[in-house]
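Chemist: Let me begin by handing over the structure; questions about it come next.
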Amino acid sequence: MYGGCTLESSKSLLFSVKVGKSYKNKGWALNRDSTIILIPKLSYEDECDIVVDGIHSKAKFNIVPRIFYNKNEDLKRHLKKLADDGIDRIDLELLLNHDDLNFDLETERLLVDINKLNHELQEKDSKISNLKNEIKYLKSFDNDEDEELINLHNEIEELKTIINHQDKEIDELFGTIIHLELDNEESYKKRVFYEEENKKLNDKLEKLLEIVNE
């Protein structure tokens with residue numbers, strides 16, 4: 001299951017879609033998460049920077065995937081009947097039958113996992129920055145017995161455990177890449193990058209623990 005999209009086999013993907021007025025609109029809007037296996041999520045979708053006439057702003061890049069069917073009276077009549085009968089949702093099967101797409105499902109899954117890993121690293125780095133600010137604020141009161149500091153200490157330890165577990169996920173992920181003989185200079189660079197990023201996060205957490213325990 002990929003965000004509402006089910007992998008039926010290496011030949012098709014199954015989406016759950018609303019019947020609604022699809023007989024009139026000739027198509028459906030798909031949930032973005034359900035298309036991640038086809039279109040890996042971009043970091044720009046969480047946050048990006050735009051400039052309009054010299055004015056800078058934070059923004060989000062929205063991808064709204066849709067599927068439209070060609071003129072088909074049989075399908076149109078069928079969808080109209082489903083709507084009239086009060087049927088809410090149906091399954092839509094997308095056939096992966098384009099040779100020119102060269103669709104290697106295992107490779108796509110790995111790309112999704114790598115993209116997810118990158119997103120998680122960014123989230124953890126942001127969380128560590130927030131923890132650092134909280135610790136500085138609490139330390140300014142010079143109260144080492146503060147219960148909130150103890151809670152932060154526990155939160156840091158928990159985050160360390162998660163990051164250590166992520167180290168194993170990195171090993172497994174790139175172990176699969178090597179096993180499938182998909183490894184190349186680019187995948188090696190990514191592995192080194194993620195391992196270094198994880199080490200940086202661990203180092204930051206160790207420094208935070210030192211500050212909390214001062």
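The values are calculated or read from the model by the stated rules, or taken from the named source; none is laboratory data. These numbers come from a predicted model, not from an experiment. Here the Cβ positions follow ideal geometry from the backbone for every residue, glycine too, while neighbour counts run over all protein chains shown.
Chemist: For region 135-153, which positions are at pLDDT 65 or above and of a type outside the set (A, V, I, L, M, F, W, C)?
Modeler: Within region 135-153, Lys136, Tyr137, Lys139, Ser140, Asp146, Glu147, Glu148, Asn151, His153 qualify.
Chemist: A further question on this structure: Restricting region 6-20 to residues that are among the small types (Gly, Ala, Ser) and touching an Asp or Glu at 6+ places or on another chain (Cβ under 8 Å), which is modelled with the highest pLDDT?
Modeler: Top of the filtered list is Ser16.
Chemist: Another one. Using the structure shown, decide if Lys41 is surrounded by 13 or more Cβ atoms within 10 Å (Cβ to Cβ), in contact with a helix residue (DSSP H, G or I) (Cβ under 6 Å, 6 or more places away or on another chain) and modelled with pLDDT of 90 or more.
Modeler: For Lys41, the condition - surrounded by 13 or more Cβ atoms within 10 Å (Cβ to Cβ), in contact with a helix residue (DSSP H, G or I) (Cβ under 6 Å, 6 or more places away or on another chain) and modelled with pLDDT of 90 or more - is not met.
Chemist: Report whether or not Glu123 is modelled with pLDDT of 65 or more, part of a helix (DSSP H, G or I) and loosely packed, with under 14 Cβ neighbours inside 10 Å.
Modeler: So Glu123 passes the test.
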